[in-house]
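Engineer: Here it is, the structure, as structure tokens.
The values are calculated or read from the model by the stated rules, or taken from the named source; none is laboratory data. All values derive from a computational prediction rather than experimental measurement. Glycine also receives a Cβ, built like all others from the backbone with ideal geometry; neighbour counts cover every protein chain displayed. Ligands, DNA and RNA are stripped out before the accessible areas are found, and what is left, the full protein with its side chains, is counted by its heavy atoms. Shrake-Rupley method; radii C 1.70, N 1.55, O 1.52, S 1.80 Å.
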Amino acid sequence: MNRIIDRLAVALSVSLLVLSSAVFAQGPTVVDVAAQNDDLSTFVTALQATEDLLAELEAFGPYTIFAPSNEAFAALSEADLQAILENQAALESLLRYHVVPGDLDAEEVAGADELEAFTGQAIDVTTENGLVYVEGAQVLTANITAANGTIHIIDAIMLPAPLSELMGQAGEGVSRPLESAETIIDVVSTSQSFTTLLEAIETAGLFDTLDTEGPFTVFAPTNDAFSDLSPEALADLLGNPDALANVLQYHVVAGELAADDLVTLTAVETLTGDQLSVEVSDGTVTVGGATVIDSDIEADNGLIHAINAVLLSPADDAEMDTEMDTDTAAATAASETIVDIVVGDERFSTLEQAVVAADLTDALASEGPLTVFAPTNDAFAALPDGLLEDLLENPEALAAVLSYHVVAGRLTSGELISTRSVDTLSGESLEIAVAQGTVVVGGNAAEVTTPDVMSTNGVIHIIDAVLLPPSAQ
């Protein structure tokens with residue numbers, strides 16, 4: 001326990017916001033190092049055309065990058081290369097498939113059978129005659145080090161499955177319009193439930209995209225879903241085609257996912273490159289907090305699932321001042337801080353008591369953003385006899401335990417499943433895993449029972465056990 005107090009004495013001497021800077025890279029990042037390599041100029045150009053991924057790779061870490069050489073990009077057909085570079089969502093999805101969480105050197109890569117990319121998809125690793133291959137691409141130059149990770153140059157571009165389905169072979173370009181089929185656009189056009197969605201698609205300039213061969217999975221908000229937006233918010237969206245296009249692309253997944261497929265997943269990646277959480281409860285499927293009210297509406301280029309709310313990506317949610325009349329937190333522009341949510345929910349009365357006793361109320365109400373794994377009253381009640389009382393009488397030790405439940409930055413459930421651990425504000429790492437479709441955290445495998453409760457200064461994931469730092473065990 002003394003080690004906790006010693007660690008806490010340092011941690012509490014600065015604010016949580018200052019502590020959050022510890023996750024930033026110090027020194028030349030993987031982007032800086034790649035920019036200095038003449039063989040990666042096309043890769044760097046592609047990175048600079050992204051937004052979220054570029055910012056992540058320039059700041060956070062550690063990462064392992066499998067960077068295609070200039071010759072690898074040149075091997076693509078001109079049509080495919082141009083199409084990808086002009087489609088930021090497809091480009092970011094492609095590049096995220098080349099990034100793996102953690103700092104893996106060549107020996108560690110060679111020792112793995114597969115790695116998990118930022119997209120959540122597996123990258124096969126094979127070794128032949130002393131050469132290492134990832135998804136069939138040969139590692140040409142290994143172990144190019146940076147402050148926040150390692151770069152391995154490869155001789156081919158790895159295509160994640162949904163994107164490879166959308167692209168043609170060399171010289172054949174990308175997917176073509178369907179000439180004699182009932183496309184997703186046709187289905188939307190003939191349904192009275194999707195007239196506002198059809199208007200939005202036309203305004204955003206996505207008509208041609210959803211009229212190609214795909215396949216796509218579209219989570220389609222009904223007219224009632226759009227009417228739940230405030231009139232001002234809906235008018236703002238329809239008056240800003242670029243912002244509207246981003247919102248709509250957050251509703252589209254490359255590839256065809258039927259309802260039976262969705263219930264086996266915890267998240268899917270949308271055309272914006274963001275993760276969209278998927279949950280199943282009492283036979284009801286929700287995506288990003290919105291309920292699927294009609295599933296498996298067939299089109300020749302994919303499937304449509306009707307939903308009861310408009311989905312907003314984390315970036316959209318941060319930018320829009322939107323009020324929606326919906327009970328789904330992930331689909332709502334948050335109006336409460338993390339502390340407001342904890343205080344207002346009777347499931348967290350013990351957590352509220354602990355936060356007050358540890359003098360962390362102001363920190364959890366600060367600008368953030370923060371990610372909080374919030375134990376319920378039942379979770380605290382399951383602690384060994386006397387431990388909660390001892391912690392409540394020792395504010396410094398209690399603050400160290402609570403800080404182990406907090407991560408700098410807003411991490412949704414979709415982002416959690418693509419990582420193996422996160423650094424908490426206690427200074428110790430918290431393990432992340434997925435077991436039978438459920439996200440579990442910490443050495444005691446606390447289950448995330450309710451993910452993605454959004455607030456103005458971060459996100460809460462409700463868990464069924466109190467997390468104890470390794471130093472306290």
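Engineer: Being assigned to a loop (DSSP other than H, G, I, E, B) and open to solvent by 40 Å² or more (accessible area, probe 1.4 Å) is the filter; apply it to the stretch 193-218 and report the residue that is farthest from Leu234 (Cα to Cα). Show your work before the answer.
Structural biologist: Looking only at the stretch 193-218, we keep the residues that are assigned to a loop (DSSP other than H, G, I, E, B), and these are 205-208, 213-215.
Retained after the next criterion (residues that are open to solvent by 40 Å² or more (accessible area, probe 1.4 Å)): 205, 207-208, 213.
Values: Gly205: 17, Phe207: 19, Asp208: 23, Glu213: 30 Å.
Among those residues, the one meeting the criterion is Glu213.
Results for (1) without any contact (Cβ under 8 Å) to a residue 60 or more places away in the chain; (2) assigned to a helix (DSSP H, G or I); (3) under 20 Å from the mean Cα position of the chain (by Cα); (4) surrounded by 22 or more Cβ atoms within 10 Å (Cβ to Cβ), shown as yes or no for each residue.
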| position | (1), (2), (3), (4) |
| --- | --- |
| Asp359 | yes, no, no, no |
| Phe380 | no, yes, no, no |
| Glu389 | yes, yes, no, no |
| Leu398 | yes, yes, no, yes |
| Leu402 | yes, yes, no, yes |
| Thr419 | no, no, yes, no |
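Engineer: Consider Val407 carefully, then state whether it is open to solvent by less than 50 Å² (accessible area, probe 1.4 Å) and either farther than 15 Å from Pro469 by Cα or not in a helix (DSSP H, G or I) (or both). Full working, then the answer.
Structural biologist: Values: open to solvent by less than 50 Å² (accessible area, probe 1.4 Å): yes; either farther than 15 Å from Pro469 by Cα or not in a helix (DSSP H, G or I) (or both): yes.
In short, yes.
Engineer: State which residue is modelled with the lowest pLDDT when the search covers only the stretch 89-114 and only residues that are more than 12 Å from Ile65 (Cα to Cα) and in contact with a helix residue (DSSP H, G or I) (Cβ under 7 Å, 6 or more places away or on another chain). Lay out the reasoning, then the answer.
Structural biologist: Here is the first cut: in the stretch 89-114, the residues more than 12 Å from Ile65 (Cα to Cα) are 89-94, 107-108, 110-114.
Applying the additional criterion that residues be in contact with a helix residue (DSSP H, G or I) (Cβ under 7 Å, 6 or more places away or on another chain) yields 89-94.
On the way: Ala89: 68, Ala90: 72, Leu91: 79, Glu92: 79, Ser93: 78, Leu94: 84.
Result: Ala89.
Engineer: If we scan the stretch 362-370, do we find a residue that is acidic (Asp, Glu) and more than 23 Å from the chain's Cα centre (by Cα)? Let's see the steps before the verdict.
Structural biologist: So the first thing to find is which residues in the stretch 362-370 are acidic (Asp, Glu), and the list is 362, 367.
When the remaining residues are screened for being more than 23 Å from the chain's Cα centre (by Cα), the result is 362.
Yes: one or more hits.
Engineer: Right, another one. Read through the list (1) modelled with pLDDT under 85; (2) open to solvent by 40 Å² or more (accessible area, probe 1.4 Å); (3) among the small types (Gly, Ala, Ser), then give the number of the only condition that Ser426 fails.
Structural biologist: (2)
Engineer: State whether the residues of the stretch 72-88 include one that is under 23 Å from Val125 (Cβ atoms), modelled with pLDDT of 90 or more, out of contact with any His (no Cβ under 7 Å at 6 or more places or on another chain) and crowded, with 20+ Cβ neighbours inside 10 Å.
Structural biologist: no
Engineer: Take the residues in the stretch 336-357 that are hydrophobic (A, V, I, L, M, F, W, C) and open to solvent by 60 Å² or more (accessible area, probe 1.4 Å), then tell me which one is nearest to Met454 (Cα to Cα).
Structural biologist: Here is the first cut: in the stretch 336-357, the ones hydrophobic (A, V, I, L, M, F, W, C) are 338-339, 341-343, 348, 351, 354-357.
Next, only the ones that are open to solvent by 60 Å² or more (accessible area, probe 1.4 Å) stay: 343, 356.
Values: Val343: 15, Val356: 21 Å.
Restricting to residues being hydrophobic (A, V, I, L, M, F, W, C) and open to solvent by 60 Å² or more (accessible area, probe 1.4 Å), the top hit is Val343.
Engineer: Identify, please: which residue in the stretch 173-188 is surrounded by 16 or more Cβ atoms within 10 Å (Cβ to Cβ) and among the polar types (S, T, N, Q) and is, among those, modelled with the lowest pLDDT?
Structural biologist: Ser175
Engineer: Anything in the stretch 267-285 that is surrounded by 20 or more Cβ atoms within 10 Å (Cβ to Cβ) and either more than 16 Å from the chain's Cα centre (by Cα) or assigned to a loop (DSSP other than H, G, I, E, B) (or both)? List them, or say none. Steps first, answer last, please.
Structural biologist: The first filter runs over the stretch 267-285 and keeps only residues surrounded by 20 or more Cβ atoms within 10 Å (Cβ to Cβ), leaving 267-279.
Across the stretch 267-285, the qualifying residues are Thr270, Leu271, Thr272, Gly273, Asp274.
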